[in-house]
Each structure stands twice: as structure tokens, then as C-alpha cells.
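Any read-out appearing in this document is the output of simple, stated calculations on the displayed coordinates, not a laboratory observation. Since we're looking at a predicted model, the values are computed, not measured. Neighbour counts are summed over all protein chains in view; Cβ atoms, including those assigned to glycine, are modelled from backbone coordinates with ideal geometry.
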Amino acid sequence: MDGVADRIRSELAFHDEQATCRAHYFRSHPDHLQFDDNDYLDHETWVRPALAQLGDVRGLDVLDFGCGHGMAAVVLARSGARVTAFDLSPNYVAECQTRAASNGVALRALAADGERLPFADASFDRIWGNAVLHHLDLDIATRELRRVLRPGGVAVFCEPWAGNPLLNWARRTLPYRGKHRTVDESPLTPAQLREMRLVFGAVEVQGHQLLAMIRRVLPAGHCPSWVDRADAWLLHRFPVVQHWSRYMVLTCRVSQSNPSPTLVGV
């Protein structure tokens, strides 16, 4: 238990400090809280196709799981969803609330732990998360996700993937933008994917950024456009190479015929 508490304190301190620096910036540049949907959907190549996996969210209860800066929560609210957003960091929750107000949307935001969700069973139709599960005890978090999803619900997560040994070496040794991370986080593994499938049954996976992972070591905006086109062709034509991708989009679905989350994985 002490190890779990230490991990949570470490994660909280890291992200609160990060959000505090961001808050200082936005106090001087409040207009930068406003953004167009495309600014979020196209900031990484996997975001737009991953968010599309949620389908039409109009009138649905949607959870932004680990909301961070709140851009996804705003995009979902602008799409007509009833959005609840949470983050472990109260300072990131504050940014999410401020960003929502700056962009003229209504949503609910609160501080919470992804391994102990403060929501009733079957509370949400959809769940979205980007780069959050790999910070958590995945077995516990997956069961919590399953618990709060309604029958017919869908959860979509975009996560760094550990299937490429060369990429794992690069992550350990090479300098690149955005490398600063928490001590306990690590990319998801095939074994962890198997754990998720024990809870959800089927979990669809789609790899993103094979050749395009070079953008992490190039200056911002300097990745040639042909790299993304080559990636799209390779990943579609040879699905087996998705295992070597930088990121995986995981789509988890709850069957209409298995409505009781308390029975899953027992």
C-alpha cells in the first residue's frame, strides 16, 4: 500500500507542477486558452481517428479520463456530449474548467484517481483517454473503466506502446522533445493488453506512427509529409507491423448482453 501511495503522490506532484507552470503562462496569455477543434484533433496523428471511434456523442454521457489541459473535454462538449472530466491533478482540473469557460462550453470537472473512480456503476456511454493508462495499475483501472461503462458503451484510449525494441532503446537513451516524464510510467505491453481483454473480452487495437515516430527527434514541424502517407499505407497494407508502432489506439466495447460489470473477470 505504501508503494501505491508513493506512486500516486509522485504522479500528483509531477502533474501539479506541470499545470502550475502552464497556469502562470495562461495568466499572461488568457486568449491562448481558446482553440479550434482541429488544433487538438491534429496535434498527433492518432487523435482524430481515435476520437472518431467514439461515434456520434450528441446527448451522451462522456467521461474524459485524465483530462489534463481539457482540450479533449472541450471538443467533446462542442460535439454535443454531456462531459465529465477528471484528473489526478487539481491544478489541471482548474485549467480544464478555465479552458471550458474560455471556449463557451459547459462541463463538469473534478479531481479524482483513475484507479478509484468516484462514479456509480454504469454512469457513462463513452470514455476517452489520451496517454493516461500507462500511468496506472492497469488491472485496477481497467476494472474501474468496465464498472462505470453502460451496456453498449465504448472506451477509447491512446497509449504509448512497448512492442518495438528499437523504440524502447531510443526512449531510454535519446534526447527528444517532451521526454520529461514521471518515474513510474511506462509504455503498455502485450501482456497488459491481454489483461484488458480478460475484463472487456475483445479490445480492438490500431497502431499509429511507424516511420513517423522520427518526428520525436526532429524539430517541431519538420517531419516530411510523405512519412505520414507512407505510414498510412504500411499500417493498412501490413497490419502485423502495427505491433512496432509508437502508439496504440485501444477500443474497448461493452456488450449489450452483459450488463453487469461486477461479473466481468471474476
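Report, in cubic angstrom per residue, the convex hull volume of the C-alpha atoms of region 56-163. Mind dumping the intermediate values first?
Numbers: hull volume 10.7 nm³, N = 108.
Cα-based convex hull of region 56-163, divided per residue, equals 99 Å³.
If you place +1 on the Cβ of every Lys and Arg and -1 on the Cβ of every Asp and Glu, how big does the dipole about the Cα centre of the chain come out, in debye to the nearest 20?
Details: 29 positive and 30 negative charges, 105 e Å.
So the dipole magnitude of the chain works out to roughly 500 debye.
Give me I127, I8 sorted ascending by neighbouring Cβ count inside 10 Å, so fewest comes first.
Values: I127 24, I8 18.
If I rank by nearby Cβ atoms, fewest first, I get I8, I127.
When you count, for each residue, the other Cβ atoms within 10 Å and take the mean per peptide, how do 194-201, 78-85 rank with the highest first?
Going from most to least packed, we get 78-85, 194-201.
Over all Cα pairs of region 114-188, how is the pair count split among 5 Å bins, expressed in % and running from 0 up to the last occupied bin?
Spelled out bin by bin, region 114-188 gives 3, 13, 21, 22, 14, 10, 8, 6, 2 percent.
Of F238, V156, H222, which is farthest towards the positive pole of region 2-263's charge dipole, taken about the Cα centre with +1 and -1 on the beta-carbons of Lys, Arg and Asp, Glu respectively?
Among F238, V156, H222, the one farthest towards the positive end of the dipole of region 2-263 is F238.
Whole percent per 5 Å bin, from 0 to the bin with the longest distance: what is P(r) over all C-alpha pairs of the chain?
Over the chain, the share of Cα pairs per 5 Å bin runs 1, 6, 12, 16, 19, 18, 15, 9, 3, 1, 0 percent.
Among the helices of the chain (complete DSSP H runs), which have Cα atoms covering no less than 20 Å along the helix axis and a Kyte-Doolittle mean of at least -1.0?
Working: long enough: 2-28 (39 Å, -0.80).
Membrane-span-like by this rule: 2-28.
Helix-derived [θ] at 222 nm for the chain: sum -39500 (n - 2.57) over DSSP H runs of at least 4, divide by residue count, nearest 500?
Values: 9 runs with 103 residues, N = 266.
When only DSSP H runs of four or more count, the value is -12000 deg cm²/dmol.
Share of Cα-Cα pairs in region 1-126 beyond 26 Å, in percent? Spell out each step's value before the answer.
Numbers: 1749 of 7875 pairs.
Value for region 1-126 (Cα pairs over 26 Å): 22 percent.
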